[in-house]
1. Compute the Rg/Rh shape ratio of the protein assembly as shown: radius of gyration over Kirkwood radius, all on alpha-carbon atoms.
2. Tell me, what is the FRET efficiency for residue A:73 and residue B:61 to the nearest 0.05, using R0 = 45 angstrom and their Cβ-Cβ distance as r?
3. Give me the compactness ratio for the range A:23-64, meaning the Cα radius of gyration over 2.2 N^0.38 Å.
4. In vacuo Debye scattering of the range A:1-48, one point per C-alpha: log10 I(q)/I(0) at q = 0.30 Å⁻¹?
5. Report the FRET efficiency, 1/(1 + (r/R0)^6), for residue A:7 and residue B:77, where r is their Cβ-Cβ distance and R0 is 30 Å, rounded to 0.05.
6. Report, largest value first, the span of the C-alpha coordinates of chain B along each principal axis, in whole Å.
7. Over all distinct alpha-carbon pairs, what is the Kirkwood Rh of the range A:66-106 in angstrom?
8. Gaussian network model of chain B, Cα springs within a sub-10 Å range: biggest mean-square fluctuation belongs to which of B:20, B:28, B:83?
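Where a number appears in this text, it was derived from the coordinates with a stated rule and is not lab data. This one's a predicted model, so the numbers in the text were calculated from it and none came from an experiment. Here the Cβ positions follow ideal geometry from the backbone for every residue, glycine too, while neighbour counts run over all protein chains shown.
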């Protein structure tokens, strides 16, 4: 069974630009979550989607947004990039239900210059 | 507020030297506590889920235990390939779509 796939693996952008990251969950997983990982803050929750609906959102500015498609694939967008947005962005999928850990992709490394 | 604290931040062991990693948590009703392993340049890899105090799970040289306030990841006779960052996360009963992660323990096992 294929794991969570994130594209691209690496991105370099300049301040003020916008970026879109993509995530394909494990087949059959309908919940997709996004996390930002930085050395200083660890993993911080961005948002979670299920059946194309955002069910939960973390404490990030409105420049961070996401969406989920009918095939459960998800994208996240960051507009007006800032230097502090440089991080590893991780996508995770899970089955709905009590015994459902997150299964992570290998992330997209975003560098903002 | 729900939060997770892991200690130590870094741990260096000799091959075969057993030790434990700690994960302390504050959550308004625990639904589950999760342990992950993360290798450099990769996403976290799921190891265990624990649900109630007294529960234990084992996998090869790793054993995870849970109390009402903390969890331990015991590493018995570690090998260099166990070197990684170990993360724990909690899931609250009233907000199960969001996981709270600790900042991790970076384990280095020397041959």
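1. Rounded to two decimals, Rg over Rh is 0.97.
2. 0.75
3. Ratio of Cα Rg to 2.2 N^0.38 Å: 1.27.
4. With no solvent term, the Cα-only Debye profile gives -1.20.
5. 0.15
6. Principal axes ranked by extent give 44, 30, 20 Å for the Cα atoms.
7. Taking every pair of different Cα atoms in the range A:66-106, averaging 1/r and inverting gives 12.5 Å.
8. B:28
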